[in-house]
Amino acid sequence: MKFNTIVIAVLLTTNLALNFANANDLPELGDVSQTVLSPLQEQAIAEQIMRDVATSDAVVQDAEITSYLQALGMRLVSNSPDSQLKFNFFVVQDNSINAFAMPGGVIGVHTGLILAANSESELASVLGHEIGHVTQHHLARMLAAQKYDTFKNIAGIALALLVARANPQLASGALTTASAVGVQNQLDYTREHEREADRIGLQILNSGGFDVRGMPAFFTTLQRGSRYSEGSAPGFLRTHPLTSERIADVSNRVGQMSYKQVPDSVEFRYVRAKLQANNGVPETNIAVFEQNIRERRYTNEAAEHYGLAVAYMRKNALAPAEKEITWLKKNAPQHAMIENLNARLQVAKNNPQQAAKQYADALKIYPDNRALIYGYADHFLAVKQADSAIKLVKEKQNLYPNDAFLYDVLAKAYTMQNKVLLSHQAQGEAYFRKYDLARAIEQMELAAKAKDGDFYQISIVEARLKELRRMQGDVKKG
């Protein structure tokens, strides 16, 4: 299932940390008492958006990349003014330099922005800025200021705002209601909101242990953005206009903070290299990585070899890929991403026994690594070892109880075993964790009708079905 036209346009082009034209209409900054959207309503919108994110081809589903961004984001959130807010971070496959925040703490980052960031602190500064927009409830304050209390339907609010932020043409074409057009006419950024998000972002960056100079440094990157976006301004620059006053304000604030040099994490360098290796033509990437290594043009040599190995894997050039992995195993510090790459190589070489051993050995060192768990589970499904797949998932689900992928694995494994009730039950739980309540109920109803469950299993399914239906009723009432 792909994003619908409305949502994909938003994810590829816009930032939804919304502001409006007249600063005098705003509630006092930080005051959310006059907002239209309650926290529960914001969360309902967030779950709508995440339902599309979970199944979109436009969203990067790579466990290593998404886990890194989520971990980085949550590190920053824990140092934000409202660390109890729920956040979801995800990566959009798009070369433009952009990031955006949406209702309920949904934050998306384009692959182009990660590649454009010269340091982890620069990337963190963007996330901190977006987190600042969310914690200050700028969207809800916009609705309050514009008196959009006629919006009674959460879906209507979400779609109207999403469409409006994409572009005026899409807003007029996809939603012809006066509501959508009206919202579009009011969407504009204010200096007050941008300065507030910058100020909070800097505080988050500093408290999170990053280099606060990353924010003005990224401003410089944005001003050079034409080299990345073929002559047009970066999306982030368009949706977060840089004024001389704003740049001066950030620079002055940074100048008053203590200097600290913060090295990039290995994960940042490996994730960036992986994105680069997976972007564009493999042969071109191979040539770039090889030239960087040959001419010693790199910040982290291991990351260049890692990226080169990934690029070779994309080309299915397994022998040179293995050579690079061997170099990494010998010269780079041990790391889960290297272990996972080695396991994937064994799978590509059609060596299931060696792949299984590599996954098992790596999980002894990194027992909670999501990418290794995913890879090992997929391996068991590929070799038709349903029992082993189920055992692995049951062992690891306590680490990630809300992971839809693990329930998908269970559903496939139970199907292999012809266990109808358990298969539908697991698939229902997977849909629930993808925020698709209707499909979760549908699967649980099929599980309840299955003829192969014992009394205990049927009782669990029926109780869960009753709970899901109650949730559906609450959603409709809201």
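The values are calculated or read from the model by the stated rules, or taken from the named source; none is laboratory data. Since we're looking at a predicted model, the values are computed, not measured. A quick note on method: Cβ atoms are made from the backbone with ideal geometry, for glycine too, and the neighbour counts reach across all protein chains shown.
Annotations
- Strands (runs of 3 or more DSSP E) contained in the range 50-153 and holding at least 1 residues at pLDDT below 85 and small (Gly, Ala, Ser): 99-102
- Of all residues assigned to the range 336-344, none qualifies as being within 29 Å of residue 437 (Cα to Cα), part of a helix (DSSP H, G or I), in contact (Cβ under 8 Å) with a residue 12 or more places away in the chain and small (Gly, Ala, Ser).
- Hits in the range 56-87 - residues which are surrounded by 20 or more Cβ atoms within 10 Å (Cβ to Cβ) and within 23 Å of residue 193 (Cβ to Cβ): 73, 76, 77, 80, 87
- The condition of being surrounded by 22 or more Cβ atoms within 10 Å (Cβ to Cβ), among the hydrophobic types (A, V, I, L, M, F, W, C) and closer than 28 Å to residue 465 by Cα does not hold for residue 420.
- Per-region count, the range 243-258, residues without any contact (Cβ under 8 Å) to a residue 40 or more places away in the chain and either touching a strand residue (DSSP E or B) at 6+ places or on another chain (Cβ under 7 Å) or not in a helix (DSSP H, G or I) (or both): 2
Yes/no matrix, rows are residues, columns are (1) out of contact with any helix residue (DSSP H, G or I) (no Cβ under 7 Å at 6 or more places or on another chain); (2) in the same structural domain as residue 66 (by TED's automatic domain parsing); (3) not charged (D, E, K, R):
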site	(1), (2), (3)
351	yes, no, yes
354	no, no, yes
357	yes, no, no
362	no, no, yes
368	yes, no, no
377	no, no, yes
409	no, no, yes
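- Condition met for residue 323 (free of Cβ contacts under 8 Å to residues at least 12 places away in the same chain, at negative phi and assigned to a helix (DSSP H, G or I)): yes
- When the residues of the range 173-202 are filtered to those that are over 14 Å from residue 122 (Cα atoms) and at pLDDT 85 or above, the one that is surrounded by the most Cβ atoms within 10 Å (Cβ to Cβ) is 197.
- With respect to the conditions (1) surrounded by fewer than 20 Cβ atoms within 10 Å (Cβ to Cβ); (2) within 24 Å of the chain's Cα centre (by Cα); (3) closer than 30 Å to residue 205 by Cα, residue 300 falls short on a single one, namely (2).
- Some residue of the range 389-409 being outside any loop (DSSP other than H, G, I, E, B) and over 29 Å from residue 71 (Cβ atoms): no
- Residue match in the range 264-286 (condition: part of a helix (DSSP H, G or I), in contact (Cβ under 8 Å) with a residue 60 or more places away in the chain, closer than 21 Å to residue 330 by Cα and out of contact with any helix residue (DSSP H, G or I) (no Cβ under 6 Å at 6 or more places or on another chain)): yes
- Residues that are within 19 Å of the chain's Cα centre (by Cα) and among the aliphatic types (A, V, I, L, M) within the range 356-372 comprise 371, 372, listed in sequence order.
- Yes/no for residue 351 being closer than 30 Å to residue 92 by Cα and of a type outside the set (Val, Ile, Thr): no
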